[in-house]
Amino acid sequence: MQKSLKAPAQALLLLGIALTTMTIGVAIGSSGFDNLLNALNDPVALKIIMDIRLPRTLGAWLAGALLGLSGALAQGLFRNPLADPYLLGSASGASLGVACLLVTLGVSANSSSWIFKLSLSGAAFLGAILAVSLTLILSRGVQHTLRLLLAGIIVGVVLGALTSLTIMLDPHIIQTMQSFLLGTTSFIDWDSVSLMGLVWIICTALTWTFSRALDALSLGESTANSLGLNLPPVRAGLIALLALATGTAVSQTGLIAFVGLASPHLVRSIIKVTHNWLLLLSSLMGGVLLLIADLAAKWLIAPQELPVGPITAVLGGLYLLRLMLSLNMNQEGL
Amino acid sequence: MNPLAIQTQSISVELGLRQVLSNVSINIQSAKWTNIVGPNGAGKSTLLKAMAGLIPIKGEVFYPTIKALSPTLKDKARHISWLGQNQMGADDLSVYDVAMLGRIPHRGWLGSAGEEDRSAVESALKVTQSWDWRDRFLKDLSGGERQRALLARALAVKADILLMDEPLSNLDPPHQVDWLEIVKSLIGQGKTVVSVLHEISMALRSDELIVMNCGQIKHQGSCAAPQTHQAVERVFENKIQISRINEQWISLPRMISDI
């Protein structure tokens, strides 16, 4: 009974932290910390909060939540705690998509028109989906996990090289590509929030239906198979959800490192649960991580702003380093 | 003779360029304990996996006791329980959660555990003496405890046929004896058990032995029959000797210096 209450309590705690961080995030802007109550009487301040800060903060939470969910999904699917949501090539595909769009349209890096933003998101999403499809073609379906992983690595490396070549061909796109590759939440608007919110609801609900299959898969494919699970459609469903969640997050915020990898780890270090809770808690943890990183991005060198990607990379790197050192110590202790 | 539980017809398995099984045809009787023995690389585990329908094969495997005309994966999963060798993973699941996985074939895609599921899991955990530490996580267990938790998962399926690949690995002698008692009890309930064992003395406690070498069946017969003992000694290059001590067949090492 105690264990069954722990997971909902953790979920509520993570939601509480997210709400608190969101409130602080909405209050912090380029001019520093604003009293939100004062903003109610100031139409300009209210407009800034409603049109810029609130969608950005909500969007940061949603992008983190999508990446956290994808991370737990990827680690369950590949039975590897070091699996990353970008493992099937979605990140490099999205980068190439954006690079190709920028070269083709010759769009100015400073363009902020909604058509530009929509095209950018569309190109990133399409690139991510095409890259995952290419991985699936190379691995000749979803039957073999190892083949899938290797195909994902190949696609990632090749598309990454193509992106670099594209940037080399047209140096004017470097600045825009840089903000995409570094990951940023500053372009998120209400459209992005609506899209990510919808995808998050769909993906969370559908991945939950696969949670028992992921539990069974954790004992190996033979055992899962022997329990009557038809693995090819299960894998195909999980990969589709992984591609949708990752592709959507990447298309709205660029490449944000480590959130997908670290979120399930952090959850597991706090509580051991079956996948039905692990997926949800990892998602909530991802949201909190990106919110905190976004807050740091706005605050660290204010009034200037840092891209959020390097902050998550540094935080994630430090966390992995701590994990590695604790593993070494455990092994030495054995 | 009991009715057949599993029948394989000319099954062959290739792994890469290697022929692991060649034209294997065997009959497994129901309500009997059958053991597959042979040296490393003989194809024992592959044969067991082929019987469970877990790998692609050439040939046919029949399960005459499954009544459904065209059994689905779930029908088969309810009927045949599988315990693989050295199963890793599931470190973050509790022993209870792992045992509950055995009930997947009996539950709907989204169905929650019912009274029957909980009762099957409790009984499996008690039989394997894992009930008292059901809330511990797999990663915190010793090798033997882990093996007992996994055995509970296989028992929780409540299948008519149990296929177990090296179920004694990591078990200490008292728990090996407990496993033997569990198998005898299952046979008493009319279940069919097929296992792959490296412990030949334990394997000689079964009803029937399948002796394998180089992907082929070299002999199938009663554990008490002299021909079976000779076949076992032969596939192990006569480096073991089967003797009767205290009313039990025992495998002893035979060194060249002893001959």
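Pairs are defined by a Cβ separation below 7 Å, a sequence spacing of at least 6 or placement on different chains, a first member in the stretch B:50-73 that is over 25 Å from B:Q19 (Cβ atoms), and a second member that is assigned to a loop (DSSP other than H, G, I, E, B) and of a type in the set (G, A, S); the pairs so defined are B:T65/B:S30; B:L73/A:G228.
Comparison of B:V121, B:V98 shows that the only residue that is touching a Lys or Arg at 6+ places or on another chain (Cβ under 8 Å), within 13 Å of chain A (Cβ to nearest Cβ), without any contact (Cβ under 8 Å) to a residue 60 or more places away in the chain and crowded, with 17+ Cβ neighbours inside 10 Å is B:V98. Apart from one condition, A:G316 fits all of (1) touching a residue at least 12 places away in the same chain (Cβ under 8 Å); (2) within 14 Å of chain B (Cβ to nearest Cβ); (3) not aliphatic (A, V, I, L, M); the exception is (2).
Given the structure, is A:L159 part of a helix (DSSP H, G or I), surrounded by 20 or more Cβ atoms within 10 Å (Cβ to Cβ) and over 16 Å from the mean Cα position of the chain (by Cα)? Considered against the rule, which asks whether it is part of a helix (DSSP H, G or I), surrounded by 20 or more Cβ atoms within 10 Å (Cβ to Cβ) and over 16 Å from the mean Cα position of the chain (by Cα), A:L159 comes out as yes. Quick check: anything in the stretch A:276-283 in contact with a helix residue (DSSP H, G or I) (Cβ under 7 Å, 6 or more places away or on another chain), surrounded by fewer than 24 Cβ atoms within 10 Å (Cβ to Cβ), within 30 Å of A:R212 (Cα to Cα) and at pLDDT 90 or above? Among the residues of the stretch A:276-283, at least one is in contact with a helix residue (DSSP H, G or I) (Cβ under 7 Å, 6 or more places away or on another chain), surrounded by fewer than 24 Cβ atoms within 10 Å (Cβ to Cβ), within 30 Å of A:R212 (Cα to Cα) and at pLDDT 90 or above, which makes the answer yes. Within the stretch A:40-81, if we keep just the residues that are surrounded by fewer than 17 Cβ atoms within 10 Å (Cβ to Cβ) and within 14 Å of chain B (Cβ to nearest Cβ), the residue that is farthest from the chain's Cα centre (by Cα) turns out to be A:N80. In this structure, does A:L82 turn out to be aliphatic (A, V, I, L, M) and out of contact with any helix residue (DSSP H, G or I) (no Cβ under 6 Å at 6 or more places or on another chain)? Considered against the rule, which asks whether it is aliphatic (A, V, I, L, M) and out of contact with any helix residue (DSSP H, G or I) (no Cβ under 6 Å at 6 or more places or on another chain), A:L82 comes out as yes. Taking the criterion of being touching a Gly at 6+ places or on another chain (Cβ under 8 Å) and either assigned to a helix (DSSP H, G or I) or free of Cβ contacts under 8 Å to residues at least 12 places away in the same chain (or both), the residues of the stretch A:250-267 that qualify are A:S251, A:Q252, A:T253, A:V259, A:G260, A:L261, A:A262, A:S263, A:P264. The residues listed here are B:Q147, B:Q87; of these, the one that is more than 10 Å from chain A (Cβ to nearest Cβ), closer than 22 Å to B:S195 by Cβ and either assigned to a loop (DSSP other than H, G, I, E, B) or without any contact (Cβ under 8 Å) to a residue 40 or more places away in the chain (or both) is B:Q147.
Of all residues in the stretch A:203-223, at least one satisfies being buried (at least 23 other Cβ atoms within 10 Å of the Cβ), closer than 18 Å to A:A74 by Cβ and away from chain B (no Cβ under 14 Å). Taking the stretch A:224-249 as the search range and keeping residues that are within 7 Å of another protein chain (Cβ to nearest Cβ) and part of a helix (DSSP H, G or I), which one is surrounded by the fewest Cβ atoms within 10 Å (Cβ to Cβ)? Of everything passing the filter in the stretch A:224-249, A:N225 is surrounded by the fewest Cβ atoms within 10 Å (Cβ to Cβ).
Please tell me if B:P39 is closer than 14 Å to B:N213 by Cα and assigned to a loop (DSSP other than H, G, I, E, B). So B:P39 passes the test. Picking from residues in the stretch B:50-84 that are more than 7 Å from chain A (Cβ to nearest Cβ) and within 20 Å of A:R79 (Cβ to Cβ), the one that is surrounded by the most Cβ atoms within 10 Å (Cβ to Cβ) is B:L83.
The values are calculated or read from the model by the stated rules, or taken from the named source; none is laboratory data. Everything numeric in this text was worked out from a predicted model, so none of it was measured. Here Cβ is always computed from backbone atoms with ideal geometry, including for glycine, and neighbour counts include all displayed protein chains.
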